[in-house]
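Below: the structure, in structure tokens.
We did not get these values from a lab; they are worked out from the coordinates using the rules stated. Everything quoted here is computed from the prediction, not taken from an experiment. Note that each Cβ is placed from the backbone with ideal geometry, even for glycine, and that neighbours are counted across all protein chains shown.
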Amino acid sequence: MHGSIAVCEAVLAALRDIPGFRDAEPGEFTRRALMNGKLDLSEAEGIGDLLEAETAAQRRQAIALVGGALGDLAEAWRSDLVAALAKIEAGIDFADEDLPPEVLSGVGATLTATSLAMKAQVDGSRAAERIREGFEVALIGPPNAGKSTLLNRLAGRDAALTSDVPGTTRDVIEVRMDIEGLPVSFLDMAGIRDAADRIETLGVERARSRAELADIRVFLLDGVTDPASLGVEPMPGDVITRSKADIVRSGAGLPVSGLTGAGVDNLLESIGKELGGRVAGASVASHARHRTAIAEASEALRHAADILANGGDQTELVAVEIMRALRSIDFLVGRVDIESVLGEIFSRFCIGK
Amino acid sequence: MKHQDYDIIVVGGGHAGVEAVLAAARMGRSVALVTQRIIGIGVMSCNPAIGGIGKGHIVREIDALDGIMGRAADEAAIQYRLLNRSKGPATQGPRAQADRDLYRNAIRMAVARSDVSVIEADVVDLDVRPGEVAGVILRDGAVIRSRCVVLTTGTFLNGVIHMGKESRSAGRVGDVASIALARRISDLGLPLGRLKTGTPPRLAGRTIDWRALEAQPADDAPEFLSFATERAQCRQVSCGIAHTNPATHDVIRENLDKTVSYGASPSGVGPRYCPSIEDKVVRFADKSSHQVFLEPEGLSTDLVYPNGISTSLPADVQLEYVRTMDGLSRAEIVQPGYAIEYDYVDPRALDRTLGVKSLPGLYLAGQINGTTGYEEAAGQGLLAGLNAACRCMEDDPVILERFQSYIGVMVDDLVTKGVTEPYRMFTSRAEYRLELRADNADQRLTPLGLDRGCVGSERKVSFERKMSRLGTAMAIASDIRLTPGQAAEMGISVTRDGVRRNLIDLAPHATGGFASLAGQFVQFEGVEPSILAQIDRESVYRPYLERQAKDAERLRRDEGVALPSSLDYEAMPGLSNELRVKLGKIRPSTLGQAGRVEGMTPAALTLVLLHARQAERV
């Protein structure tokens with residue numbers, strides 16, 4: 001069907017005459033797939049992500065979730081932990097019988113190894129969440145350093161108002177881009193200086209705090225100014241540029257000109273490389289809910305291993321910690337408190353459609 | 001025979017029946033205990049011991065509700081041992097070897113002192129009226145009418161005893177099986193299954209060479225089974241420990257074909273954790289030795305119970321393998337061991353009052369529900385008796401929750417998951433193990449018992465005295481707050497964060513626990529050691545309990561999600577066949593209960609919830 005709006009409308013109008021025909025509710029197909037056992041919760045979560053995917057990396061990540069990557073991981077951890085717990089419990093409930101002394105052997109190693117594997121997922125989940133939610137790159141520099149001009153160049157349109165009057169930009173302006181498959185928001189903000197009026201002062205404050213929270217800061221400087229003089233410390237991975245390179249012909253920093261476009265490709269490449277490195281270790285845990293649950297499980301198992309290492313007379317507490325880890329894993333896949341998990345997932349479909 | 005009417009009739013005089021009938025009597029109901037043999041009331045038909053890990057917890061809970069088991073065991077205890085003494089308080093289970101005669105006498109005295117009518121008769125049928133049970137029918141055709149009936153028939157339903165190739169119908173050795181009653185239960189549409197259990201041969205103590213055996217003495221400081229007991233009432237004795245050896249195993253292996261258990265006939269499933277010696281030898285073939293505890297059956301008898309070698313081999317083979325063990329080379333068998341197979345009712349036909357869902361007024365308790373063990377039976381009997389009484393009084397039923405008691409855990413497990421082998425209590429079955437301790441069973445349950453009227457005045461007074469002393473001492477302990485520096489002066493190292501901590505928070509870090517800490521403050525002069533010990537047990541788990549309370553919130557939210565009874569599990573295409581059948585049978589009332597159904601997966605739980613939500617919308 002050749003799909004102009006008018007054609008689609010006409011076809012839909014014809015279809016609506018069929019008795020029983022109606023529009024699907026938001027998330028209805030996913031809900032039905034869940035009800036018919038074709039999908040599990042984290043897979044449904046992946047479908048939500050897929051609907052919202054803007055870039056290739058987001059799509060790949062969502063597909064992994066839909067494919068059950070997280071559910072498989074949780075199931076593998078679960079079976080290791082259940083086996084460890086069974087040994088601990090045997091030591092408690094059959095204390096009076098002649099258990100072989102090796103019953104507790106290997107439990108400590110399992111607990112430590114699982115805790116570390118979980119920690120790796122937690123560590124990689126920040127990057128995964130970034131892929132899902134997008135990175136932020138803050139443009140920071142003194143007033144009239146060419147930040148808005150650079151932003152407009154990146155956007156390919158006049159997203160920000162520019163003028164040669166210093167302090168033109170007061171609010172934070174965002175432009176969303178796809179850099180090598182990764183979603184990136186560039187933030188244009190007020191130039192950093194001791195401002196004269198109260199409104200500009202607030203703008204500068206906001207610029208500093210947003211810059212600090214951003215994943216990468218791009219400093220727009222003149223080749224000689226120390227970036228730290230802006231009151232925002234450069235961090236590893238940040239980019240220091242020599243802005244207005246069409247005018248400022250020498251000095252330190254990556255030459256970039258928003259006006260002519262010179263050096264912009266180099267800047268994007270450098271940002272793309274840095275972010276690419278950061279997402280290399282991304283785990284399948286791409287939601288804050290996943291990270292919280294896995295982090296709690298990891299911590300519980302670390303405690304369990306510590307208690308066990310202190311001697312075998314508090315194994316009931318080791319069991320408590322393993323149970324806590326299991327409950328966290330259960331929460332991850334929706335075995336407990338499933339209603340809140342469902343609510344969270346479906347609230348996203350309603351917005352999405 | 002004159003027809004008497006009672007509020008409640010309890011059928012069976014074992015551990016479940018006795019607790020049921022006494023609980024109903026304490027509630028002021030008119031009750032009758034109908035048993036095949038009055039002399040069999042209170043008999044310990046298996047090993048001569050009460051309590052243990054998990055089981056001792058249940059005994060304390062029964063005691064907290066003023067049941068008889070703990071007190072009777074203390075009257076008969078000839079060897080006290082607190083199991084898991086070196087581990088944390090939540091895992092410790094009090095256990096006692098009991099003199100069989102003394103135990104039975106204690107139970108019979110308790111029944112005699114109560115207002116229970118005891119009737120020696122064989123119940124062959126139930127008097128069923130439309131919609132409810134109306135009494136029992138005896139072998140001579142006589143009918144006894146009542147509002148409620150509690151069946152505690154143990155292994156008697158279609159019981160068959162196996163010894164070697166011989167099989168005969170029986171309840172216990174020397175008792176007749178209840179075949180007609182089994183048929184009646186089957187006719188009521190209650191699903192029946194088959195289980196088996198075994199006993200070892202009984203030995204003559206004088207023929208055992210005790211000097212050749214390791215002795216296991218009683219604890220120096222006995223931990224009693226009843227909260228009301230203050231001192232040991234019998235002379236304490238030691239048990240012996242013997243060991244099987246490769247020669248023992250050879251004899252067993254060579255004779256496996258002489259027992260029906262390894263032939264085609266018995267269909268019953270035996271417990272994995274209390275296996276017969278034949279099972280042990282076959283399944284753990286690489287183990288060259290198993291422990292055998294030689295437990296004296298009493299102070300005035302020569303009988304010895306060799307715990308660990310239950311068997312259904314022929315009598316001559318039993319004698320042959322027993323004599324291969326060191327210390328038993330001249331042992332004589334007084335009564336050979338045997339295996340028994342019996343019918344049980346799938347407990348998923350019951351609700352959490354232990355009432356039969358399809359027949360109001362009928363309650364089942366004990367081995368008939370697929371459990372094993374005196375303590376498990378007694379706990380169910382108590383609960384069934386209370387609920388039968390509540391029904392007669394048109395009072396709310398007594399439901400024990402999983403976070404409240406081991407009895408609650410057991411009943412929820414039974415009615416939700418059913419059984420696949422004889423059900424025995426383990427502490428690992430309790431998610432709230434740290435809270436469900438043997439030492440605080442009274443704190444957990446006696447208030448409920450007082451509220452419902454099943455706790456007598458004597459226990460009320462002693463419980464309230466204990467709680468008031470405990471409360472006072474806890475208040476003092478909470479009021480004394482030390483800085484990290486002051487704590488360090490007393491030898492307790494905590495983080496130097498400037499935070500003042502009270503004595504309860506500090507106790508787990510102090511060598512010697514709360515008692516030694518309290519010893520350094522005059523405020524605790526005159527406080528009984530038992531009170532100090534109790535605060536110590538409370539303090540050990542406090543940080544964990546606070547966190548667990550938060551975790552439990554998540555679980556409780558699931559308990560709050562009601563599942564409509566109209567939910568059609570058959571019509572849920574995403575469910576596996578197995579789960580469809582299970583859920584259809586159990587009809588869980590909450591999402592939490594559904595989550596505990598065996599084999600439940602997260603995906604299945606999700607779709608049950610979604611269907612429930614949809615059912616609500618329609």
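Please find, in a Gaussian network model of chain A (springs between Cα atoms separated by less than 10 Å), the residue of A:A214, A:A190, A:A285 whose mean-square fluctuation is greatest.
A:A214
Ratio of Rg to Rh for the stretch A:132-278, alpha carbon only, Kirkwood?
Using only Cα positions, Rg/Rh for the stretch A:132-278 is 0.93.
Which listed residue (B:H509, A:A252, B:T301) has the Cα farthest towards the positive end of the charge dipole for the protein assembly as shown, taking +1 on Lys and Arg C-beta and -1 on Asp and Glu C-beta about the Cα centre?
Looking along the dipole axis, the top candidate is B:T301.
Would you please give the residues with an amide H less than 5 Å from that of A:A190, counting only those at least 5 places away or on a separate chain, with H modeled from the backbone geometry?
A:A207
How big is the C-alpha Rg of the stretch B:253-398 next to the rule-of-thumb value 2.2 N^0.38 Å, as a ratio?
Ratio of Rg to 2.2 N^0.38 Å for the stretch B:253-398: 1.38.
What is the spin-label model distance, in nm, from B:R113 to A:L254 if the labels are put 7 Å beyond Cα along the C-beta direction?
So the label points at B:R113 and A:L254 sit 9.0 nm apart.
If the only charges are +1 at each Lys and Arg Cβ and -1 at each Asp and Glu Cβ, what is the size of the charge dipole of the stretch A:132-278 around the Cα centre, to the nearest 20 debye?
Once rounded to the nearest 20, the dipole reads 120 debye.
Over the Cα atoms, compute the radius of gyration (one decimal) and Dmax (the largest Cα-Cα distance, rounded to a whole number) for the stretch B:328-458, in Å.
Rg and Dmax of the stretch B:328-458, Cα atoms, are 17.2, 61 Å.
In peptide B:86-92, what is the residue-averaged number of other protein chain Cβ atoms found within 10 Å of each Cβ?
Average neighbour count from other chains, rounded to a whole number: 5.
Between A:S105 and A:I63, what length in nm is gained on full extension when 0.36 nm per residue of separation is reduced by their alpha carbon distance?
Using 0.36 nm per residue and subtracting the Cα-Cα distance, I get 11.2 nm.
At a Förster distance of 22 Å, what's the computed FRET efficiency of B:E214 paired with B:A285, Cβ-Cβ distance as r, to 0.05? Don't jump to the answer; show the numbers that get you there.
Working: r = 25 Å, r/R0 = 1.13.
After rounding to 0.05, the efficiency reads 0.30.
Restricting everything to alpha-carbon atoms, can you work out Rg to Rh for the stretch B:1-76 with a Kirkwood hydrodynamic radius?
Here the Rg-to-Rh quotient is 1.01.
If chain A were replaced by its equivalent ellipsoid, with semi-axes equal to the square roots of 5 times the Cα gyration tensor eigenvalues, what would those be, largest first, whole Å? Working shown, then result.
Details: eigenvalues 459, 212, 50 Å².
Ellipsoid half-lengths, sorted descending, are 48, 33, 16 Å.
Report, in degrees rounded to the nearest 10, the 0 to 90 angle that the Cα long axis of helix A:288-309 makes with the longest principal axis of chain A.
50 degrees
At a threshold of 8 angstrom on Cα-Cα distance, excluding pairs fewer than six apart, so keeping six or more, what relative contact order does chain A reach in percent?
After rounding, I find 20 percent.
Please report how far the C-alpha centroid of the stretch A:202-279 lies from that of the stretch A:56-83, rounded to the nearest whole angstrom.
37 Å
Averaged over A:313-325, how many beta carbons belonging to a partner chain fall within 10 Å of each residue's beta carbon? Before the final figure, lay out the partial values.
Working: counts 5, 4, 4, 14, 8, 0, 6, 10, 1, 0, 5, 4, 0.
Mean partner shielding for this stretch: 5.
Could you work out the Kirkwood radius for the stretch B:44-154, taking every pair of different alpha carbons, averaging 1/r and inverting it, reported in Å?
16.6 Å
Quick one: putting +1 on the C-beta of Lys and Arg, -1 on the C-beta of Asp and Glu, what dipole do you get for the protein assembly as shown around its Cα centre, in Debye to the nearest 20?
Approximately 980 debye in magnitude.
I need the phi-derived Karplus couplings for the stretch B:507-517: 6.51 cos²θ - 1.76 cosθ + 1.60, θ = phi - 60°, integer Hz, Gly and Pro marked x.
3, x, 8, 8, 5, x, x, 5, 4, 6, 5
Listed highest first by mean packing, meaning other Cβ atoms within 10 Å per residue, what order do B:330-336, A:141-147, B:122-128 come in?
Peptide ranking by packing, descending: A:141-147, B:122-128, B:330-336.
Once label points are set 7 Å from the Cα along Cα→Cβ at both B:N502 and A:N266, what is their separation, rounded to one decimal in nm?
Spacing of the two 7 Å Cα→Cβ label points: 6.8 nm.
Quick one: Debye curve from the alpha-carbon atoms of the protein assembly as shown only, equal weights, vacuum; give me log10 I(q)/I(0) at q = 0.06, 0.07 Å⁻¹ to two decimals.
-0.59, -0.75
Would you pull out the residues with amide H under 5 Å of B:V334's amide H, same chain only if 5 or more places away, H placed 1.01 Å from N?
It is B:R202, B:L203, B:A204, by chain and number.
Report the paramagnetic label zone for B:D257: residues of the stretch B:298-313 whose backbone N is under 18 Å from a point 7 Å from Cα along the Cα-to-Cβ axis.
Once the point is set 7 Å along Cα→Cβ of B:D257, B:313 turn out to lie under 18 Å by backbone N, inside the stretch B:298-313.
What ranking, highest mean first, results for peptides B:485-497, A:253-265 when packing means the other Cβ atoms within 10 Å averaged over each residue?
Listed from highest to lowest mean packing, they are A:253-265, B:485-497.
Evaluate the Kirkwood expression for the hydrodynamic radius of chain B, namely the inverse of the mean inverse distance over all pairs of different C-alpha atoms, and round to one decimal in Å. Display every interim value, and only then the final one.
Values: mean 1/r = 0.0384 Å⁻¹.
Evaluated on chain B, it is 26.1 Å.
Taking every residue in B:594-604, how many Cβ atoms of other protein chains lie within 10 Å of its Cβ, on average?
That average works out to 4.
Given that compact globular proteins tend to follow 2.2 N^0.38 Å, what is the ratio of the alpha-carbon Rg of the stretch A:110-157 to that value?
2.01
Using only Cα atoms, locate the centre of the stretch B:449-523 and the centre of the stretch B:277-349, then give the distance between them in Å, rounded to an integer.
First find each Cα centre; the distance between them is then 47 Å.
Which Cα, out of B:G205, B:T259, B:S114, lies furthest along the positive dipole direction of the protein assembly as shown (beta carbon charges, K/R +1, D/E -1)?
Positive-end residue among those listed: B:S114.
With the crude spin-label approximation of a point 7 Å out along Cα→Cβ, what separation in nm comes out for A:F94 versus A:V7?
Modelled inter-label distance: 7.1 nm.
Determine, for each peptide in B:15-21, A:299-305, the mean count of other beta carbons within 10 angstrom over its residues, then list the peptides with the highest first.
Output ranking for B:15-21, A:299-305: B:15-21, A:299-305.
Of B:K417/B:K466; B:K55/B:K466; B:K165/B:K287; B:K280/B:K585; B:K357/B:K550, which sit over 32 Å apart, Cα to Cα? Display every interim value, and only then the final one.
Values: B:K417/B:K466 38 Å; B:K55/B:K466 24 Å; B:K165/B:K287 27 Å; B:K280/B:K585 34 Å; B:K357/B:K550 34 Å.
Table pairs above 32 Å Cα-Cα are B:K417/B:K466; B:K280/B:K585; B:K357/B:K550.
Would you mind computing Rg(Cα) / (2.2 N^0.38 Å) for the stretch B:485-556, counting N as its residues?
1.27
Kindly state, to the nearest 0.05, the FRET efficiency for B:R145 paired with B:R168, given R0 = 30 Å and r defined as their beta-carbon distance. All intermediate terms of the calculation are to be shown ahead of the outcome.
On the way: r = 34 Å, r/R0 = 1.14.
The formula returns an efficiency of 0.30 here.
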